[in-house]
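Heads up: the structure comes next, in structure tokens.
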Amino acid sequence: MLRRSVLGMLAAGATVGPALAQGDDWAKVVEAARKEGKLVIYTASIGSPFHKTVINAFEQKYGIQVELLEARASEVRERVRVEQSAGRFLGDIHHNGSTTTWLMTRDGNFQPHGPIPNIKNIVPPYDADDIRVPAEVISYCLMVNRNLVKPADEPKSWKDILDPRWTGKILSDDYRALGGGAVLFVVMYDTFGKEFVEKLAAQKPVFSRDIQNSERRVARGEFPLYIPFSLQDYNNLKGLPVKPIVPIEGRPYVRFDLTVLKNAPRPNAARLFINHYLEPDSQIVFANAGYNPVVKGVVEKTVEEIRPLLATKALGTTVPERQDAMLELAKQIFK
Amino acid sequence: MGSATLEERPDRVTVAANFPERTVLFGGLRRHGRLFGMGALILILCFLTLYPMVMLLYGSLHSTPPGIPGEFNLDGYAGLASAENLVVLANTVGISLVKTILSLALAILLAWIIARTDTPGRGVLEVLITLPFFIPPILTATAWAMLGNAQVGTINLVWRWLTGSESTLVDVYSYGGVIWHMMQYSTPFIFLFVVDAFRAMDPSLEESSRMSGATRWQTFWRITLALMLPVTTSAFILSFIRGMESFESAVFFGTPVGINVITTTIYNSITQRAQPDYQSATALGFAAMALMFLLLVLQGRLLRGRSFTTVTGKGYSPNVMRLGSMRWVTFAVCIAFFILTVALPIGQLLLSSFFRFFGFYEADMLTLDHYRSVWENSSFWRAFGNTMLLGVVGATVTMALGGIVAYITTRTRWRGRRLIDVLAWLPWMMPGMVLGIGFLWGFAILPHAIPIYGTLWALLLAYVALGTPVAVRVTSAAYQQIATDIEECSRVHGAGWWQTLGRILIALAWPAFAVGWVLIFFGIMRELSASILLYAPGTEVLSVVMLKMWVSGKPEEVSVIGLAMLVLVLVFRWVQLKFIKKRISTL
């Protein structure tokens, strides 16, 4: 099904829009992009100052004006779907989590991006295909309140959170809903098995879907431990008594992807932007903020404070095909 | 009172008497004009309210959303009949009912104190006790989460310090917490509805009751409250329905302890699954709507055939009850309400806005950075400009539309009046997050030559549709208190339909218009569900910018904007009440 959709779009991509054919000189792409003069990005990364930094650099470098439409993942998806159904092709670039991007790829909302020079610099386990290009990676770990948890008591392994001392004291993103909690559930299930998640349920974690507020609740001392903590949120909490901990097994992660929307009015500017996003200068902005970069040679240049956390092992991520089944399983285990 | 606004037009009466054939001609034109007007009104309301509903109905009956191949079926509705959904329904109705009853009782008490007693400082108190309604719910939720959490909430810490006990006095993460947080919005909302009705009460009716031997309590119960029935039932129903559609309180304080309501279930269907389930979400929205419709039918039956007129052609001056030393008790009641619902949470917000982090009050964390950051944020100013424009134009257009609809439904027997009443009500009965999708679907599929989608028009039309039910309810409750004799008197003296509407009804009901305008204006400032789906680059509004700030971990900056909104409210309310005072000198 997915393969058919992708092949269909590849065929369509050859005929739609003024995109340049593969193999053309990149300089011509840059020139065509400058002539297009504008780029509209639909993103599920709401209010990210790092995104803005990279966009501003793009505007200054190429003189192409960028318009940003920010909304939550499902809202971005629905807008794109409705607009395309109504024959309104307004956006050029789509930036969203890998699960939503996978679903939208299946629904035929994108067109092939064509050759982009910096794709060759992408490092495993992240990889690009004809439609999707990894942008940055959200890595998940634990967060403890330093006033409530002594260094000796800090969890070192994911298995340590099953210790009875944490019973009723874990604040967590909900595993039964799309988001960081669901990513953690899948990775814990895949890594440690069903028994682990059942024991985690016996720890009676308290669920909350307001991530920013949950982090503050832990900082204020309502709970000593929060999972899963998005590493990039540490920037907003510097100065508070909290500490991120990447357990020895590694960090669950979720990828954000860049794609070119179907019938994008400015396909050359879109390609140029994706290439710009993969430049080391852009990726270092995200890396210093706590996102894992997707291209080589960036982690090593990250600020010292964050480097050891980013250099940890990528433990695993969600599998879009299994997402609904895993959400259902989480509902049964965490009633 | 009413006659002062009338204008003598003997020429018209004379002309009508001398040239009956012209009267027939004009009568025919007038009839055709009325038909045309009603037709235009029905078309406007159909586009604003029925059209997005039809899109949603399609979504609830089709296996896929518009634009994707699928099949028609009833799976969305069949899926509602589960034990889990019954619990959700019971939670929703139970929570909303309890909070509405408590809020109504409290609001009536406060309105009576402010409008009909000599309680000291009630002019200022009136402004202060309505403040919570205008603060974004997410901010008061954050404040209460800090004040009332079981572990380290300020209230519980003070309680433990005072009593030496280890017990917990309050826990906002509970049914009580959800209800309490909702009450902070519904009490001022109902108060705003009823306070002007108390003012518009002709005291001669109460005096007659007292002279006939009724006690003060009997008079309050049988006369005052009975005459207020249209306003109180309208406020009750609006508030109850809003309670069923409330999202923030339940998601903030209910979800962490397993309390689910209709809106959190809809939210889960749309945003928390890999594949959004619009069919279930819209079906649940329509099921909730059917329930609310029953309420409206009940209200109609309750009020049918009864008169609630208190403003007649005879002059009167609303009096105030001299309470003696008891006025300090009523003053204390208002102050207690103010402290609990305003001073505590807003104090927390104000304090936090001067510190680097919400809730961390250390000297080295004092800062003005949040104010500076908001001041220098160009997105904020752009959104502020858009929101002000949409707020002023939206509230004015909505009140004009609502005033006309209310006039036709309450003061005429024109054919089609029930239809426009139902059409105007529709948006209120569908949870906002579902209705937002209806607008998105509806506006996007319009022919591209109609420039609505992706422009400020899309937001304006959605806001007008969302605000119309409030405008209609506020104005129709006020109209119902005005006797028809004043209106007839105006017509006999030669005033036209528009003149009578403007110079008699609106002139007499203008305090209600002012309240409705403020309610709608601030409703527009806070609206998020439709805005997030309809805005385009360049047409951002304040609620969207606040969401961006919140999600990106800047609650302190959101507080600054919330406080700025409060200042705006104070200015608006001050101006509004200054005018009321001018008109009703005894107050």
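Can you name the residue in region A:103-128 that is without any contact (Cβ under 8 Å) to a residue 60 or more places away in the chain and more than 15 Å from the chain's Cα centre (by Cα) and, of all such residues, is farthest from A:N235 (Cα to Cα)? Lay out the reasoning, then the answer.
Restricting attention to region A:103-128, the residues satisfying the condition of being without any contact (Cβ under 8 Å) to a residue 60 or more places away in the chain are A:120, A:124, A:127-128.
With more than 15 Å from the chain's Cα centre (by Cα) added as a condition, the list becomes A:120, A:124.
On the way: A:K120: 30, A:P124: 26 Å.
Filtering region A:103-128 for residues that are without any contact (Cβ under 8 Å) to a residue 60 or more places away in the chain and more than 15 Å from the chain's Cα centre (by Cα), the one farthest from A:N235 (Cα to Cα) comes out as A:K120.
Considering only residues of region B:330-369 that are assigned to a helix (DSSP H, G or I) and within 13 Å of another protein chain (Cβ to nearest Cβ), which is farthest from A:L240 (Cα to Cα)? Lay out the reasoning, then the answer.
Going through region B:330-369, the residues assigned to a helix (DSSP H, G or I) turn out to be B:330-353, B:363-365, B:369.
Cutting the leftovers down to within 13 Å of another protein chain (Cβ to nearest Cβ) gives us B:348, B:352, B:364-365, B:369.
Numbers: B:Q348: 18, B:S352: 14, B:D364: 12, B:M365: 10, B:D369: 17 Å.
The qualifying residue farthest from A:L240 (Cα to Cα) is B:Q348.
Quick check on my filter: what residues within region A:78-106 are at the interface with chain B (Cβ under 8 Å from one of its Cβ atoms) and more than 18 Å from A:V133 (Cβ to Cβ)?
Within region A:78-106, A:E78, A:R79, A:R81, A:V82, A:E83, A:Q84, A:S85, A:A86, A:G87, A:R88, A:L90 meet the criteria.
Please determine whether any residue of region A:191-206 is within 8 Å of chain B (Cβ to nearest Cβ) and surrounded by fewer than 24 Cβ atoms within 10 Å (Cβ to Cβ).
So in region A:191-206, the residues within 8 Å of chain B (Cβ to nearest Cβ) come out as A:206.
Still in the list and also surrounded by fewer than 24 Cβ atoms within 10 Å (Cβ to Cβ): A:206.
Yes, region A:191-206 contains a residue that is within 8 Å of chain B (Cβ to nearest Cβ) and surrounded by fewer than 24 Cβ atoms within 10 Å (Cβ to Cβ).
Looking only at region A:30-46, filter to residues that are in contact with a Leu (Cβ under 8 Å, 6 or more places away or on another chain) and at the interface with chain B (Cβ under 10 Å from one of its Cβ atoms); which one of those is nearest to A:D233 (Cα to Cα)?
Checking each candidate, the answer is A:I46.
Among the helices (runs of 4 or more DSSP H) contained in region B:133-217, which hold 3 or more residues that are among the acidic types (D, E), under 25 Å from the mean Cα position of the chain (by Cα) and exposed (fewer than 14 other Cβ atoms within 10 Å of the Cβ)? Talk me through it step by step, then tell me what you get.
Working: elements: B:137-148, B:154-163, B:175-199, B:203-211.
Filter on region B:133-217 gives an empty set.
Please work out which one of (1) surrounded by 19 or more Cβ atoms within 10 Å (Cβ to Cβ); (2) farther than 19 Å from B:V405 by Cβ; (3) in contact with an Asp or Glu (Cβ under 9 Å, 6 or more places away or on another chain) is the condition B:Y535 fails and give its number.
Every listed condition holds for B:Y535 apart from (3).
In the list B:P511, B:P427, B:P469, which residue meets the criterion of being under 29 Å from B:E245 (Cα atoms) and at pLDDT below 85?
Details: B:P427 fails: at pLDDT below 85; B:P469 fails: at pLDDT below 85.
B:P511 is the lone residue from the list that is under 29 Å from B:E245 (Cα atoms) and at pLDDT below 85.
Filter region B:391-446 for residues that are outside any helix (DSSP H, G or I) and more than 14 Å from chain A (Cβ to nearest Cβ); which is surrounded by the fewest Cβ atoms within 10 Å (Cβ to Cβ)?
Narrowing region B:391-446 to residues outside any helix (DSSP H, G or I): B:412-416, B:430-431, B:445-446.
Subsequent filtering for residues that are more than 14 Å from chain A (Cβ to nearest Cβ) retains B:412-416, B:430-431.
Working: B:T412: 12, B:R413: 6, B:W414: 14, B:R415: 10, B:G416: 14, B:M430: 25, B:P431: 22.
If we take residues in region B:391-446 being outside any helix (DSSP H, G or I) and more than 14 Å from chain A (Cβ to nearest Cβ), then B:R413 is surrounded by the fewest Cβ atoms within 10 Å (Cβ to Cβ).
Report yes if A:T317 is closer than 21 Å to A:G179 by Cα, touching a strand residue (DSSP E or B) at 6+ places or on another chain (Cβ under 8 Å), surrounded by 19 or more Cβ atoms within 10 Å (Cβ to Cβ) and not assigned by TED's automatic domain parsing to the domain that holds A:W26, otherwise no.
Values: closer than 21 Å to A:G179 by Cα: yes; touching a strand residue (DSSP E or B) at 6+ places or on another chain (Cβ under 8 Å): yes; surrounded by 19 or more Cβ atoms within 10 Å (Cβ to Cβ): yes; not assigned by TED's automatic domain parsing to the domain that holds A:W26: yes.
Answer is yes for this residue.
I'd like to know if region A:248-256 contains one or more residues that are within 14 Å of chain B (Cβ to nearest Cβ), closer than 30 Å to B:T367 by Cβ and surrounded by 16 or more Cβ atoms within 10 Å (Cβ to Cβ). I'd like the intermediate steps shown before the answer.
Keep residues of region A:248-256 that are within 14 Å of chain B (Cβ to nearest Cβ), which gives A:254.
Restricting the remaining residues to those that are closer than 30 Å to B:T367 by Cβ gives none.
No, because not a single residue in region A:248-256 is within 14 Å of chain B (Cβ to nearest Cβ), closer than 30 Å to B:T367 by Cβ and surrounded by 16 or more Cβ atoms within 10 Å (Cβ to Cβ).
Considering each of B:A507, B:A495, B:A514, B:A530 in turn, give the residue that is under 19 Å from the mean Cα position of the chain (by Cα) and farther than 30 Å from B:N377 by Cα.
Numbers: B:A507 fails: under 19 Å from the mean Cα position of the chain (by Cα); B:A495 fails: under 19 Å from the mean Cα position of the chain (by Cα); B:A530 fails: farther than 30 Å from B:N377 by Cα.
So the residue among B:A507, B:A495, B:A514, B:A530 that is under 19 Å from the mean Cα position of the chain (by Cα) and farther than 30 Å from B:N377 by Cα is B:A514.
Return the total of residues in region B:47-103 being under 28 Å from B:S239 (Cβ atoms), outside any loop (DSSP other than H, G, I, E, B) and either aliphatic (A, V, I, L, M) or in contact with a Gly (Cβ under 6 Å, 6 or more places away or on another chain) (or both).
Residues meeting the conditions: 24.
For B:T232, state whether it is free of Cβ contacts under 8 Å to residues at least 60 places away in the same chain, farther than 30 Å from B:E84 by Cβ and either β-branched (V, I, T) or in a loop (DSSP other than H, G, I, E, B) (or both). Steps first, please.
Working: free of Cβ contacts under 8 Å to residues at least 60 places away in the same chain: no; farther than 30 Å from B:E84 by Cβ: yes; either β-branched (V, I, T) or in a loop (DSSP other than H, G, I, E, B) (or both): yes.
Taking the combined requirement at face value, the residue does not satisfy it.
List, please: which pairs have Cβ atoms under 6 Å, are six or more places apart or on different chains, and start with a residue in region B:68-83 that is farther than 22 Å from B:V261 by Cα and end with one that is β-branched (V, I, T)?
Close Cβ pairs satisfying both conditions: B:G70/B:T64.
Just to be sure I understand, how many residues within region A:207-229 are surrounded by fewer than 22 Cβ atoms within 10 Å (Cβ to Cβ) and more than 8 Å from chain B (Cβ to nearest Cβ)?
Qualifying residue count for the region: 2.
Mind listing whichever residues of region A:196-233 are in contact (Cβ under 8 Å) with a residue 60 or more places away in the chain and among the aromatic types (F, W, Y)?
A:F207, A:F223, A:Y226, A:F229
The values are calculated or read from the model by the stated rules, or taken from the named source; none is laboratory data. Bear in mind that the values here come from a model prediction, so they are computed numbers and not experimental data. Every residue, glycine as well, gets a Cβ built from its backbone with ideal geometry; the counts of neighbours run over all protein chains shown.
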